[in-house]
1. For ILE8 and ASP38, compute 0.36 nm times the residue count separating them, minus their Cα-Cα distance, and round to one decimal in nm.
2. Given R₀ = 35 Å, FRET efficiency for PHE105-VAL82 by Cβ-Cβ distance, to 0.05?
3. Count of lysine pairs in the range 6-80 with Cα atoms under 18 Å apart, counting only pairs 8 or more residues apart in sequence or on different chains?
Amino acid sequence: MQLNEHMIKELNRLKRDIFNELMNIVGRVFIVVRYHEDVKIGQRGFLPEEKEKGIVLVFNSRMKFSFEPWGIDAKLLFGTKVEHCLIPVEHIVGIYSPELNCQFFAIPPEVETENKETEEGQPREADSSKVVKIDFRKRS
């Protein structure tokens, strides 16, 4: 099923709503952002591994950022350097809270097609390197 413009708009609204609700409940939210040239991570950019697997960013209620209808505008700290980040909402593929043990993932259509059949009619295997695995269990 192809997503139409209305469905994409509503999915992006849902991502903002989930992000905001988790922030209101816990005060901290993790997001998974896929690599795309429209995503700006300051001068740092994406590291090679992050281009393949995405990047996890953490937001908390003490930070100054805005989640607008188009996406997130934030200044994030990487090591000792602050980077200006612009993250279009359509490139946010996951939103989660370890404290609540809950997660929301919306895989972009171009990733969903990996499981379709090959030209020979055989099922295509999903590329496990593109699957983000999250362990919410507490470490001792």
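Rule-based calculations on the coordinates, nothing more; no lab input. Remember, it's a predicted structure, so these values are computed and weren't measured experimentally. Neighbour counts are summed over all protein chains in view; Cβ atoms, including those assigned to glycine, are modelled from backbone coordinates with ideal geometry.
1. Working: separation 30, 0.36 × 30 = 10.80 nm, distance 1.70 nm.
Separation in residues times 0.36 nm, less the Cα-Cα distance, equals 9.1 nm.
2. Values: r = 28 Å, r/R0 = 0.81.
The calculated FRET efficiency here is 0.80.
3. Taking the range 6-80 as the scope, the lysine pair count is 5.
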